Amino acid sequence: MTADQGRDNAFMSGGGDDLEHGVAEGWGKLADAFRANFEAPGEVGAACSVYVGGRPVANLWGGLADREANRPWRNDTIVHVASTTKGATAICAHLLAQRGELDLDAPVAQYWPEFGANGKEQIKVRWLLSHQAGLPLVDGPLTFEQACAWHPVIRALEAQKPLWQPGTEHVYHAVTFGFLVGEVVRRICGKSLGTFFAEEVAAPLGLSAWIGLPEEHEERVARLHYAAPFSVEELLAGMIATTGLDAETVTAWVESMWSPGSIQMRAGELGGALDNASGEYVLTRAWRAAEFPAANMLADAHSLARMYAATVSDVDGVRLLDPSTVERMTAVQTDKTRMYGLPPGLNIPADRSFYMSLGFWRACPPAPMVGPGSFGHPGSGGSIALGDPDAGVGFGYVTNLWNFRPDDPRASNLAKAVRSCLG
(Lines give C-alpha, C1' and ligand atoms only; values in the text may rest on other atoms or scores of the structure.)
Protein backbone atom coordinates (compact mmCIF):
# COMPACT_ATOMS: atom_id res chain seq x y z
CA MET A 1 0.00 0.00 0.00
CA THR A 2 1.43 3.36 -1.00
CA ALA A 3 1.34 6.52 1.07
CA ASP A 4 -1.13 8.03 -1.41
CA GLN A 5 -3.39 4.99 -1.09
CA GLY A 6 -3.22 5.29 2.68
CA ARG A 7 -4.34 8.90 2.55
CA ASP A 8 -7.13 8.10 0.09
CA ASN A 9 -8.30 5.34 2.42
CA ALA A 10 -8.89 8.01 5.05
CA PHE A 11 -12.05 9.06 3.24
CA MET A 12 -13.79 5.72 3.17
CA SER A 13 -16.95 5.33 5.24
CA GLY A 14 -16.63 3.52 8.54
CA GLY A 15 -20.02 1.84 8.20
CA GLY A 16 -22.37 0.96 11.01
CA ASP A 17 -24.25 4.27 10.96
CA ASP A 18 -25.95 6.32 8.27
CA LEU A 19 -22.76 8.23 7.42
CA GLU A 20 -22.02 7.21 3.83
CA HIS A 21 -18.73 9.04 3.41
CA GLY A 22 -15.78 10.09 5.52
CA VAL A 23 -17.33 13.37 6.59
CA ALA A 24 -20.75 15.00 6.48
CA GLU A 25 -21.38 18.24 4.63
CA GLY A 26 -19.59 21.13 6.33
CA TRP A 27 -16.87 18.93 7.83
CA GLY A 28 -14.33 19.09 5.05
CA LYS A 29 -11.84 21.02 7.20
CA LEU A 30 -11.58 18.04 9.52
CA ALA A 31 -10.87 15.72 6.59
CA ASP A 32 -8.21 18.17 5.40
CA ALA A 33 -6.60 18.25 8.85
CA PHE A 34 -6.64 14.46 9.07
CA ARG A 35 -4.97 14.16 5.66
CA ALA A 36 -2.42 16.84 6.58
CA ASN A 37 -1.35 14.87 9.66
CA PHE A 38 0.00 12.19 7.32
CA GLU A 39 2.27 14.80 5.73
CA ALA A 40 3.52 16.65 8.82
CA PRO A 41 4.27 15.64 11.48
CA GLY A 42 3.45 12.29 9.91
CA GLU A 43 1.32 9.24 10.72
CA VAL A 44 1.72 5.53 10.11
CA GLY A 45 -1.94 4.72 10.67
CA ALA A 46 -4.68 6.68 12.40
CA ALA A 47 -8.41 7.23 12.72
CA CYS A 48 -10.63 10.10 13.82
CA SER A 49 -14.35 10.17 14.50
CA VAL A 50 -16.80 12.88 15.58
CA TYR A 51 -20.40 12.82 16.73
CA VAL A 52 -22.58 15.93 17.11
CA GLY A 53 -25.98 15.78 18.75
CA GLY A 54 -25.85 12.01 18.88
CA ARG A 55 -25.15 11.57 15.15
CA PRO A 56 -21.86 10.80 13.36
CA VAL A 57 -20.48 13.64 11.24
CA ALA A 58 -17.01 12.24 10.60
CA ASN A 59 -15.44 8.80 10.50
CA LEU A 60 -11.96 8.82 9.01
CA TRP A 61 -9.13 6.34 8.88
CA GLY A 62 -6.04 5.80 6.81
CA GLY A 63 -2.49 4.60 6.53
CA LEU A 64 -1.05 1.33 7.75
CA ALA A 65 -2.01 -0.79 10.73
CA ASP A 66 1.37 -2.50 10.40
CA ARG A 67 4.14 -0.83 8.43
CA GLU A 68 6.40 -3.89 8.37
CA ALA A 69 3.64 -6.15 7.03
CA ASN A 70 2.21 -3.41 4.77
CA ARG A 71 -1.19 -4.09 6.35
CA PRO A 72 -3.69 -1.28 5.71
CA TRP A 73 -5.68 0.39 8.44
CA ARG A 74 -9.29 -0.74 8.11
CA ASN A 75 -12.59 0.45 9.51
CA ASP A 76 -12.41 -2.35 12.12
CA THR A 77 -8.78 -1.78 13.17
CA ILE A 78 -8.30 -1.30 16.90
CA VAL A 79 -5.26 0.03 18.71
CA HIS A 80 -3.87 0.45 22.20
CA VAL A 81 -4.99 3.85 23.54
CA ALA A 82 -3.00 3.95 26.82
CA SER A 83 -4.39 6.42 29.38
CA THR A 84 -7.36 7.30 27.22
CA THR A 85 -8.58 4.20 29.07
CA LYS A 86 -8.97 6.27 32.25
CA GLY A 87 -11.93 8.18 30.82
CA ALA A 88 -13.80 4.92 30.16
CA THR A 89 -13.03 3.75 33.70
CA ALA A 90 -14.30 7.03 35.14
CA ILE A 91 -17.52 6.72 33.14
CA CYS A 92 -18.11 3.33 34.78
CA ALA A 93 -17.70 4.84 38.25
CA HIS A 94 -20.06 7.70 37.48
CA LEU A 95 -22.67 5.28 36.15
CA LEU A 96 -22.69 3.66 39.60
CA ALA A 97 -22.83 7.06 41.29
CA GLN A 98 -25.74 8.09 39.07
CA ARG A 99 -27.62 4.93 40.09
CA GLY A 100 -27.06 5.70 43.77
CA GLU A 101 -24.78 2.70 44.28
CA LEU A 102 -21.61 4.75 44.80
CA ASP A 103 -21.24 7.82 47.02
CA LEU A 104 -18.27 9.83 45.81
CA ASP A 105 -17.87 11.46 49.21
CA ALA A 106 -17.92 8.18 51.14
CA PRO A 107 -14.69 6.62 52.42
CA VAL A 108 -13.30 4.03 50.04
CA ALA A 109 -13.19 1.64 53.00
CA GLN A 110 -16.99 1.67 53.11
CA TYR A 111 -16.94 -0.41 49.93
CA TRP A 112 -13.49 -1.99 50.30
CA PRO A 113 -12.82 -2.50 54.04
CA GLU A 114 -9.27 -3.83 53.68
CA PHE A 115 -8.28 -0.60 51.95
CA GLY A 116 -8.55 1.33 55.23
CA ALA A 117 -5.19 0.13 56.62
CA ASN A 118 -2.13 2.33 57.16
CA GLY A 119 -3.74 5.74 57.29
CA LYS A 120 -6.22 5.27 54.44
CA GLU A 121 -9.44 4.90 56.40
CA GLN A 122 -10.69 8.41 55.54
CA ILE A 123 -9.71 8.53 51.86
CA LYS A 124 -12.78 9.53 49.86
CA VAL A 125 -13.79 7.91 46.59
CA ARG A 126 -13.56 11.29 44.86
CA TRP A 127 -9.86 11.49 45.74
CA LEU A 128 -9.22 8.29 43.78
CA LEU A 129 -10.83 9.85 40.72
CA SER A 130 -9.02 13.18 41.11
CA HIS A 131 -5.54 11.73 41.78
CA GLN A 132 -5.48 13.16 45.31
CA ALA A 133 -5.39 9.89 47.28
CA GLY A 134 -1.62 9.85 47.81
CA LEU A 135 -1.25 6.42 46.20
CA PRO A 136 0.46 6.97 42.83
CA LEU A 137 2.79 4.02 43.42
CA VAL A 138 3.25 0.81 45.34
CA ASP A 139 6.48 -0.11 47.04
CA GLY A 140 6.45 -3.62 45.57
CA PRO A 141 8.23 -5.60 44.47
CA LEU A 142 5.67 -6.81 41.95
CA THR A 143 6.18 -8.86 38.80
CA PHE A 144 4.44 -8.32 35.49
CA GLU A 145 2.59 -11.62 35.98
CA GLN A 146 1.34 -10.45 39.38
CA ALA A 147 0.13 -7.17 37.91
CA CYS A 148 -1.79 -9.03 35.21
CA ALA A 149 -3.40 -11.19 37.90
CA TRP A 150 -5.00 -8.12 39.57
CA HIS A 151 -5.27 -9.29 43.18
CA PRO A 152 -1.55 -8.99 44.07
CA VAL A 153 -1.75 -5.29 43.17
CA ILE A 154 -4.88 -4.90 45.29
CA ARG A 155 -3.11 -6.50 48.28
CA ALA A 156 -0.16 -4.14 47.75
CA LEU A 157 -2.43 -1.10 47.65
CA GLU A 158 -4.16 -2.22 50.83
CA ALA A 159 -0.78 -2.28 52.60
CA GLN A 160 0.51 0.94 51.05
CA LYS A 161 0.80 4.15 53.07
CA PRO A 162 -0.22 7.40 51.38
CA LEU A 163 2.65 9.64 50.32
CA TRP A 164 0.81 12.71 51.62
CA GLN A 165 -2.25 13.56 53.65
CA PRO A 166 -4.98 12.47 51.24
CA GLY A 167 -7.02 15.28 49.75
CA THR A 168 -4.35 17.95 50.32
CA GLU A 169 -2.10 17.40 47.27
CA HIS A 170 -2.28 15.73 43.89
CA VAL A 171 -0.09 13.92 41.40
CA TYR A 172 -0.89 11.73 38.41
CA HIS A 173 -1.70 8.16 39.46
CA ALA A 174 -0.51 6.76 36.13
CA VAL A 175 -1.26 3.06 36.74
CA THR A 176 -2.74 2.73 40.22
CA PHE A 177 -5.77 4.85 39.20
CA GLY A 178 -7.24 1.88 37.35
CA PHE A 179 -6.72 -0.60 40.15
CA LEU A 180 -8.11 1.78 42.78
CA VAL A 181 -11.24 2.76 40.88
CA GLY A 182 -11.61 -0.70 39.40
CA GLU A 183 -11.58 -2.42 42.78
CA VAL A 184 -14.26 -0.07 44.13
CA VAL A 185 -16.42 -0.94 41.13
CA ARG A 186 -15.76 -4.65 41.69
CA ARG A 187 -16.66 -4.45 45.37
CA ILE A 188 -19.98 -2.77 44.56
CA CYS A 189 -21.21 -4.88 41.67
CA GLY A 190 -19.12 -8.05 41.85
CA LYS A 191 -17.76 -7.55 38.32
CA SER A 192 -14.31 -6.61 37.17
CA LEU A 193 -13.99 -3.15 35.63
CA GLY A 194 -13.46 -4.69 32.19
CA THR A 195 -16.60 -6.80 32.51
CA PHE A 196 -18.67 -3.88 33.81
CA PHE A 197 -17.46 -1.72 30.94
CA ALA A 198 -18.25 -4.45 28.40
CA GLU A 199 -21.77 -5.02 29.71
CA GLU A 200 -22.84 -1.53 30.76
CA VAL A 201 -21.07 0.74 28.26
CA ALA A 202 -19.75 -1.14 25.24
CA ALA A 203 -22.67 -3.53 24.66
CA PRO A 204 -25.52 -0.97 24.75
CA LEU A 205 -23.63 1.26 22.31
CA GLY A 206 -22.17 -1.49 20.11
CA LEU A 207 -18.58 -0.39 20.73
CA SER A 208 -15.39 -2.02 19.53
CA ALA A 209 -13.56 -1.24 22.77
CA TRP A 210 -12.21 -3.57 25.43
CA ILE A 211 -10.38 -3.38 28.74
CA GLY A 212 -9.10 -6.93 28.58
CA LEU A 213 -9.14 -7.93 24.92
CA PRO A 214 -10.77 -11.25 23.92
CA GLU A 215 -8.33 -13.33 21.90
CA GLU A 216 -10.62 -13.53 18.87
CA HIS A 217 -10.00 -9.82 18.20
CA GLU A 218 -6.20 -10.05 18.16
CA GLU A 219 -6.00 -9.95 14.36
CA ARG A 220 -7.62 -6.50 14.38
CA VAL A 221 -4.91 -4.91 16.54
CA ALA A 222 -2.65 -2.31 14.93
CA ARG A 223 1.05 -2.67 15.52
CA LEU A 224 2.62 0.15 17.50
CA HIS A 225 5.40 2.19 15.93
CA TYR A 226 7.46 4.85 17.67
CA ALA A 227 8.39 8.35 16.56
CA ALA A 228 12.00 9.48 16.64
CA PRO A 229 13.44 10.24 20.10
CA PHE A 230 13.96 13.84 21.12
CA SER A 231 16.34 15.70 23.39
CA VAL A 232 15.73 17.20 26.81
CA GLU A 233 16.06 20.61 25.19
CA GLU A 234 13.26 19.75 22.76
CA LEU A 235 11.14 18.46 25.65
CA LEU A 236 11.57 21.71 27.55
CA ALA A 237 10.87 23.81 24.49
CA GLY A 238 7.70 21.85 23.81
CA MET A 239 6.43 22.25 27.35
CA ILE A 240 7.20 25.96 27.35
CA ALA A 241 5.28 26.35 24.10
CA THR A 242 2.23 24.36 25.21
CA THR A 243 1.96 25.61 28.82
CA GLY A 244 2.98 29.23 28.34
CA LEU A 245 5.18 28.99 31.43
CA ASP A 246 8.67 30.46 31.60
CA ALA A 247 11.78 28.37 31.01
CA GLU A 248 12.97 28.46 34.64
CA THR A 249 9.64 27.15 35.92
CA VAL A 250 9.38 24.41 33.31
CA THR A 251 12.97 23.27 33.87
CA ALA A 252 12.46 23.00 37.63
CA TRP A 253 9.18 21.16 37.08
CA VAL A 254 10.69 18.61 34.70
CA GLU A 255 13.78 18.02 36.84
CA SER A 256 11.69 17.37 39.95
CA MET A 257 8.94 15.24 38.41
CA TRP A 258 10.54 13.24 35.55
CA SER A 259 14.16 12.68 36.51
CA PRO A 260 15.29 9.08 37.26
CA GLY A 261 13.77 7.91 40.53
CA SER A 262 11.23 10.75 40.62
CA ILE A 263 7.64 10.27 41.68
CA GLN A 264 6.23 10.22 38.15
CA MET A 265 8.85 7.82 36.87
CA ARG A 266 8.17 5.45 39.78
CA ALA A 267 4.40 5.80 39.32
CA GLY A 268 4.67 4.28 35.86
CA GLU A 269 6.60 1.24 37.10
CA LEU A 270 3.94 -0.21 39.44
CA GLY A 271 6.40 -1.52 41.98
CA GLY A 272 8.71 -2.90 39.31
CA ALA A 273 6.02 -4.78 37.37
CA LEU A 274 6.23 -2.57 34.29
CA ASP A 275 9.51 -2.05 32.47
CA ASN A 276 8.91 1.31 30.84
CA ALA A 277 12.51 1.60 29.70
CA SER A 278 11.77 -0.91 26.94
CA GLY A 279 7.96 -0.79 26.95
CA GLU A 280 7.88 -4.18 25.25
CA TYR A 281 5.19 -5.49 27.60
CA VAL A 282 2.55 -3.40 25.77
CA LEU A 283 3.18 -5.50 22.65
CA THR A 284 2.29 -8.79 24.35
CA ARG A 285 -0.90 -10.81 24.37
CA ALA A 286 -0.62 -11.03 28.18
CA TRP A 287 -0.88 -7.23 28.48
CA ARG A 288 -3.82 -6.98 26.11
CA ALA A 289 -5.68 -9.86 27.77
CA ALA A 290 -5.29 -8.49 31.32
CA GLU A 291 -7.24 -5.60 32.84
CA PHE A 292 -5.29 -2.42 33.49
CA PRO A 293 -8.18 0.06 33.71
CA ALA A 294 -5.78 3.00 33.67
CA ALA A 295 -3.87 2.07 30.58
CA ASN A 296 -4.68 -0.91 28.33
CA MET A 297 -7.93 -0.34 26.46
CA LEU A 298 -7.93 -1.29 22.79
CA ALA A 299 -10.46 0.57 20.69
CA ASP A 300 -11.20 2.33 17.44
CA ALA A 301 -11.84 6.05 17.11
CA HIS A 302 -15.50 5.60 16.23
CA SER A 303 -16.17 3.76 19.49
CA LEU A 304 -14.42 6.40 21.58
CA ALA A 305 -16.39 9.20 19.92
CA ARG A 306 -19.64 7.28 20.28
CA MET A 307 -18.97 6.57 23.97
CA TYR A 308 -18.36 10.22 24.82
CA ALA A 309 -21.28 11.30 22.63
CA ALA A 310 -23.52 9.14 24.81
CA THR A 311 -22.37 11.04 27.91
CA VAL A 312 -23.61 14.37 26.50
CA SER A 313 -26.48 13.34 24.21
CA ASP A 314 -28.76 10.50 23.16
CA VAL A 315 -27.08 8.07 20.77
CA ASP A 316 -29.52 5.69 19.08
CA GLY A 317 -31.66 5.62 22.20
CA VAL A 318 -28.76 5.28 24.65
CA ARG A 319 -27.75 8.03 27.07
CA LEU A 320 -25.11 6.95 29.57
CA LEU A 321 -25.02 9.95 31.88
CA ASP A 322 -27.53 12.66 32.66
CA PRO A 323 -26.59 16.36 32.59
CA SER A 324 -26.41 16.68 36.37
CA THR A 325 -23.95 13.77 36.55
CA VAL A 326 -21.79 15.34 33.84
CA GLU A 327 -21.81 18.66 35.67
CA ARG A 328 -20.70 17.06 38.94
CA MET A 329 -18.03 14.83 37.45
CA THR A 330 -16.41 17.57 35.39
CA ALA A 331 -15.90 20.06 38.23
CA VAL A 332 -12.14 20.73 38.39
CA GLN A 333 -10.49 19.39 41.55
CA THR A 334 -6.74 19.95 41.16
CA ASP A 335 -7.00 23.75 41.24
CA LYS A 336 -7.58 23.41 44.97
CA THR A 337 -4.45 21.44 45.90
CA ARG A 338 -0.72 21.64 45.19
CA MET A 339 1.14 19.15 42.98
CA TYR A 340 3.10 16.71 45.13
CA GLY A 341 6.85 16.47 44.59
CA LEU A 342 7.54 20.01 43.43
CA PRO A 343 10.51 21.76 45.07
CA PRO A 344 9.70 24.34 47.76
CA GLY A 345 8.51 27.62 46.34
CA LEU A 346 7.45 26.16 42.99
CA ASN A 347 3.74 26.04 42.33
CA ILE A 348 2.43 25.13 38.87
CA PRO A 349 -1.06 26.45 38.05
CA ALA A 350 -3.41 23.53 37.52
CA ASP A 351 -4.74 24.90 34.26
CA ARG A 352 -1.20 24.81 32.84
CA SER A 353 -0.26 21.38 34.12
CA PHE A 354 -2.88 18.93 35.42
CA TYR A 355 -6.42 20.29 35.10
CA MET A 356 -8.25 17.26 36.46
CA SER A 357 -11.87 16.79 37.46
CA LEU A 358 -13.29 13.50 38.76
CA GLY A 359 -11.53 11.23 36.31
CA PHE A 360 -11.29 13.58 33.34
CA TRP A 361 -8.93 16.23 32.09
CA ARG A 362 -10.69 19.53 31.49
CA ALA A 363 -10.05 21.93 28.63
CA CYS A 364 -7.22 24.34 29.44
CA PRO A 365 -4.56 26.34 27.55
CA PRO A 366 -2.24 23.33 26.95
CA ALA A 367 -5.23 21.23 25.82
CA PRO A 368 -8.06 23.46 24.55
CA MET A 369 -10.00 20.45 23.22
CA VAL A 370 -13.26 21.51 21.51
CA GLY A 371 -14.43 24.21 23.90
CA PRO A 372 -14.20 25.44 27.50
CA GLY A 373 -16.69 22.83 28.66
CA SER A 374 -14.84 19.88 27.11
CA PHE A 375 -13.74 16.92 29.22
CA GLY A 376 -11.92 13.73 28.33
CA HIS A 377 -8.60 11.98 28.59
CA PRO A 378 -5.45 11.78 26.45
CA GLY A 379 -3.26 8.73 26.16
CA SER A 380 0.48 8.35 26.10
CA GLY A 381 1.58 8.28 22.48
CA GLY A 382 -1.07 10.62 21.11
CA SER A 383 -4.63 9.29 21.35
CA ILE A 384 -7.44 11.29 22.94
CA ALA A 385 -11.19 11.02 23.44
CA LEU A 386 -13.50 13.71 24.78
CA GLY A 387 -17.00 15.03 25.11
CA ASP A 388 -18.34 18.55 25.01
CA PRO A 389 -21.78 19.14 26.58
CA ASP A 390 -22.16 22.63 25.13
CA ALA A 391 -21.65 21.53 21.52
CA GLY A 392 -23.00 17.99 22.02
CA VAL A 393 -19.74 16.58 20.67
CA GLY A 394 -18.13 13.20 21.07
CA PHE A 395 -14.60 13.01 19.64
CA GLY A 396 -12.09 10.19 19.27
CA TYR A 397 -8.63 10.08 17.75
CA VAL A 398 -6.30 7.05 17.75
CA THR A 399 -2.89 6.42 16.22
CA ASN A 400 -0.28 3.67 16.09
CA LEU A 401 2.63 6.10 15.70
CA TRP A 402 3.39 6.86 19.31
CA ASN A 403 4.94 10.27 19.81
CA PHE A 404 5.77 11.41 23.34
CA ARG A 405 6.61 15.03 22.52
CA PRO A 406 4.50 17.46 24.58
CA ASP A 407 4.03 19.63 21.50
CA ASP A 408 2.83 16.78 19.24
CA PRO A 409 0.30 18.67 17.07
CA ARG A 410 -1.74 15.83 15.59
CA ALA A 411 -4.66 15.70 18.03
CA SER A 412 -4.66 19.47 18.53
CA ASN A 413 -4.80 19.97 14.74
CA LEU A 414 -7.90 17.79 14.59
CA ALA A 415 -9.56 19.46 17.60
CA LYS A 416 -8.91 22.86 16.05
CA ALA A 417 -10.59 21.68 12.85
CA VAL A 418 -13.60 20.47 14.84
CA ARG A 419 -13.94 23.90 16.44
CA SER A 420 -13.78 25.48 13.00
CA CYS A 421 -16.45 23.15 11.59
CA LEU A 422 -18.74 23.83 14.54
CA GLY A 423 -18.49 27.56 13.73
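The values are calculated or read from the model by the stated rules, or taken from the named source; none is laboratory data. None of these values were measured; they are calculated from a predicted model. A quick note on method: Cβ atoms are made from the backbone with ideal geometry, for glycine too, and the neighbour counts reach across all protein chains shown. Side chains are part of the model used for accessible areas, which takes the heavy atoms of the whole protein and leaves out ligands, DNA and RNA. Shrake-Rupley method; radii C 1.70, N 1.55, O 1.52, S 1.80 Å.
In table form, for the structure just shown:
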| item | result |
| --- | --- |
| Lone unmet requirement of (1) surrounded by fewer than 24 Cβ atoms within 10 Å (Cβ to Cβ); (2) among the charged types (D, E, K, R); (3) within 27 Å of residue 254 (Cβ to Cβ) for residue 419 | (3) |
| Residue 46 vs. criteria of a type in the set (A, V, I, L, M), open to solvent by less than 10 Å² (accessible area, probe 1.4 Å) and part of a strand (DSSP E or B) | yes |
| Set 405, 410: member being closer than 21 Å to residue 241 by Cβ and open to solvent by less than 10 Å² (accessible area, probe 1.4 Å) | 410 |
| Subset of the stretch 123-167 [over 19 Å from residue 340 (Cα atoms) and assigned to a loop (DSSP other than H, G, I, E, B)] | 140, 141, 142, 143, 149, 150 |
| Identity of the residue in the stretch 213-226, open to solvent by 20 Å² or more (accessible area, probe 1.4 Å) and in a loop (DSSP other than H, G, I, E, B), that ends up nearest to residue 297 (Cα to Cα) | 214 |
| Sole residue being assigned to a helix (DSSP H, G or I), out of contact with any helix residue (DSSP H, G or I) (no Cβ under 7 Å at 6 or more places or on another chain) and either open to solvent by less than 50 Å² (accessible area, probe 1.4 Å) or among the acidic types (Asp, Glu) (or both), chosen from 178, 194 | 194 |
| Tally of residues being surrounded by fewer than 22 Cβ atoms within 10 Å (Cβ to Cβ), touching a residue at least 40 places away in the same chain (Cβ under 8 Å) and either of a type in the set (A, V, I, L, M, F, W, C) or touching a helix residue (DSSP H, G or I) at 6+ places or on another chain (Cβ under 6 Å) (or both) across the stretch 311-331 | 4 |
| Contacts under 6 angstrom Cβ, first residue in the stretch 366-394 being on the phi > 0 side of the Ramachandran plot and small (Gly, Ala, Ser), partner open to solvent by 10 Å² or more (accessible area, probe 1.4 Å) and part of a strand (DSSP E or B), 6 or more apart | 381/402; 392/52 |
| Residue list for the stretch 359-381, filter: open to solvent by 20 Å² or more (accessible area, probe 1.4 Å) and either outside any strand (DSSP E or B) or in contact with a helix residue (DSSP H, G or I) (Cβ under 7 Å, 6 or more places away or on another chain) (or both) | 365, 366, 368, 372, 378, 380 |
| Residue within the stretch 109-122 that is of a type in the set (Gly, Ala, Ser) and open to solvent by less than 10 Å² (accessible area, probe 1.4 Å) present | no |
| Those residues of the stretch 67-104 which are open to solvent by less than 20 Å² (accessible area, probe 1.4 Å) and part of a strand (DSSP E or B), in sequence order | 78, 79, 80 |
| Subset of the stretch 206-221 [more than 19 Å from the chain's Cα centre (by Cα) and either on the phi > 0 side of the Ramachandran plot or not basic (Lys, Arg) (or both)] | 206, 214, 215, 216, 217, 218, 219 |
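For (1) open to solvent by less than 10 Å² (accessible area, probe 1.4 Å); (2) closer than 29 Å to residue 278 by Cα; (3) under 18 Å from the mean Cα position of the chain (by Cα); (4) not small (Gly, Ala, Ser), each residue gets a yes or a no:
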site: 333; (1), (2), (3), (4): no, no, yes, yes
site: 339; (1), (2), (3), (4): no, yes, no, yes
site: 346; (1), (2), (3), (4): no, no, no, yes
site: 357; (1), (2), (3), (4): yes, no, yes, no
site: 385; (1), (2), (3), (4): yes, yes, yes, no
site: 397; (1), (2), (3), (4): yes, yes, yes, yes
site: 401; (1), (2), (3), (4): no, yes, yes, yes
